[in-house]
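The structure appears right after this line, and notes come after that.
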Amino acid sequence: MLDKLKSLRKELHQFPEVSGNESQTAERIKAFISQNSRPTQILEGLGGNGLAVVYEISSDGPVIAIRCELDALPIPEKNEFAHRSKNQGISHKCGHDGHMAIVAGLALWVAEPHFKKGTIVLLFQPAEETGQGAAQILADTRFQALNIEYIFALHNIPGYPLHSVLVPKKGFSAEVLSFALHLKGKESHASEPAKGINPAHCMAEVIQRFDALNINYPENPNYKILTPIYMHMGEKSYGISPALGELHYTVRTWRPETMETLRKEIENICYHISKSNSIMYSLDWFEHFPASLNDAQGVTLVTEVAHKNGFNVIEKSVPFSFGEDFGWFSKNYRATMFGVGAGENVPALHHADYDFPDALISTGIEMFKSVIKEILKE
């Protein structure tokens, strides 16, 4: 079975698709499952290109979902191995190819009779990298009708010992939100800047005020990080004092309520600084990744089955600071996400030379199998 799943993983790696364009990836998963298993039904087109592979053992009993991601990243493949990406400028640099192989492997196991009651849903979700896929799936009435009670997911984490299980008790990942500040002043000749409204001073003041909001202490429950991503003002035309400017930031906190407070602070700063500089402004908010808040019982269960399987358990006191749209599920279900160490001396996620370690396929399968067994046992 493992050889078959490794081949699937490498095939998926060769043909990556970015968020919202995962149609061929979904077709490959559907074909693999149809050839190797007989689900009760396959729901297609969830949230765009998503798949829900349903195994109904009986109409009573718990409904448990295992979720993975379909999408890749717009990052050119740096590696030269045989299964390198064939799609120029796109590659699986977050390990979603490996996550899919793990969940597809569960289909081979679920196909055999193990339980007398309950339903198992294998969810292949699109558009995780943009924070849109999970929310779109949740809006689909077909998915709602599954009446899921529990949902679990994992993510490979470079920098930690291979096969270790990482359990963040207070939540898996941060609340993340991005915004763009657009400024519109008044052009003038560069020799007479006082006759115009140049956005430079406003931008400089805003950057300083935003920087003062940072609390970069992960153990602090009010942790908040504002990272400048992009800025632009004017053109390379040295006789013109420009009118237009823009700033882009991504912000992250541990808790949704901290993010809401921070958002109000940002809006207040922009309002008062633009007013004092007599300049027009607008704020656009986008790419929302809600905090992935883990279910307490789910955390206990993951910890117990990891110990039973002989994996090294690493309990984290704070979440990971990256965004993960699994947080949308934690708003609706008893959701639990955990990490699996991908090795201490390997490239980091989203690096051009990263590749998912095949050794983790069996680790992920054993963890999910054990979780399902505990929930569906008599």
Problem set entry | Heavy-atom surface of the chain, accessible at 1.4 Å and reported per residue (Å²) | 44
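Can you give the Kirkwood hydrodynamic radius of the range 110-230 from its Cα pairs, in Å with one decimal?
Numbers: mean 1/r = 0.0487 Å⁻¹.
Taking the inverse mean of 1/r over all distinct Cα pairs, the range 110-230 comes out at 20.5 Å.
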Exercise. Going highest first, how would you order 143-149, 156-162 by mean Cβ packing within 10 Å?
Worked result: 156-162, 143-149
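So what's Rg/Rh here for the range 69-164, counting alpha carbon atoms and using the Kirkwood radius for Rh?
Working: Rg = 16.2 Å, Rh = 15.9 Å.
Result for the range 69-164 is an Rg/Rh of 1.02.
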For this session: Based on the mean of other Cβ atoms within 10 Å per residue, sort peptides 5-13, 180-188 so the most packed one is first.
Result: 5-13, 180-188
For this session: Please list 35-48, 283-296 highest first by mean number of surrounding beta-carbon atoms within 10 Å per residue.
Result: 283-296, 35-48
For this session: May I have the extent of the alpha carbons of the range 23-102 along their three principal axes, as whole Å values ordered from largest to smallest?
Result: 49, 23, 20
Exercise. Taking only the alpha carbons of the range 189-241, what extent do you get along each of the three principal axes, in Å, biggest first?
Worked result: 50, 19, 9
Problem set entry | Net length gained if the chain between residue 283 and residue 307 were fully extended (0.36 nm per residue, minus Cα distance) | 3.9 nm
For this session: On the protein heavy atoms, probe 1.4 angstrom, tell me the percent of accessible surface of the chain carried by carbon and sulfur.
Result: 50
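Viscosity 0.890 mPa s, temperature 25 °C: what is the translational diffusion coefficient of the chain from Stokes-Einstein with a Kirkwood Rh over Cα pairs, rounded to a whole number of µm²/s? Please list the in-between numbers first.
Details: Rh = 22.3 Å.
The Stokes-Einstein estimate is 110 µm²/s.
With respect to the cross-link table entries 169/275; 4/224; 169/369, which display a Cα-Cα separation exceeding 32 Å? Don't jump to the answer; show the numbers that get you there.
Numbers: 169/275 44 Å; 4/224 44 Å; 169/369 21 Å.
Flagged as over cut-off: 169/275; 4/224.
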Problem set entry | Cα-Cα P(r), the range 174-289, percent of pairs per 5 Å interval | 2, 12, 21, 21, 16, 11, 8, 5, 3, 1, 0
Seminar exercise, completed: Over the Cα atoms of the range 263-350 the radius of gyration and the largest Cα-Cα distance (Dmax), both in Å, equal 20.0, 64
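The values are calculated or read from the model by the stated rules, or taken from the named source; none is laboratory data. Everything numeric in this text was worked out from a predicted model, so none of it was measured. Note: ideal-geometry Cβ built from the backbone for every residue, glycine included; neighbour counts use all protein chains shown. Ligands, DNA and RNA are stripped out before the accessible areas are found, and what is left, the full protein with its side chains, is counted by its heavy atoms. Shrake-Rupley method; radii C 1.70, N 1.55, O 1.52, S 1.80 Å.
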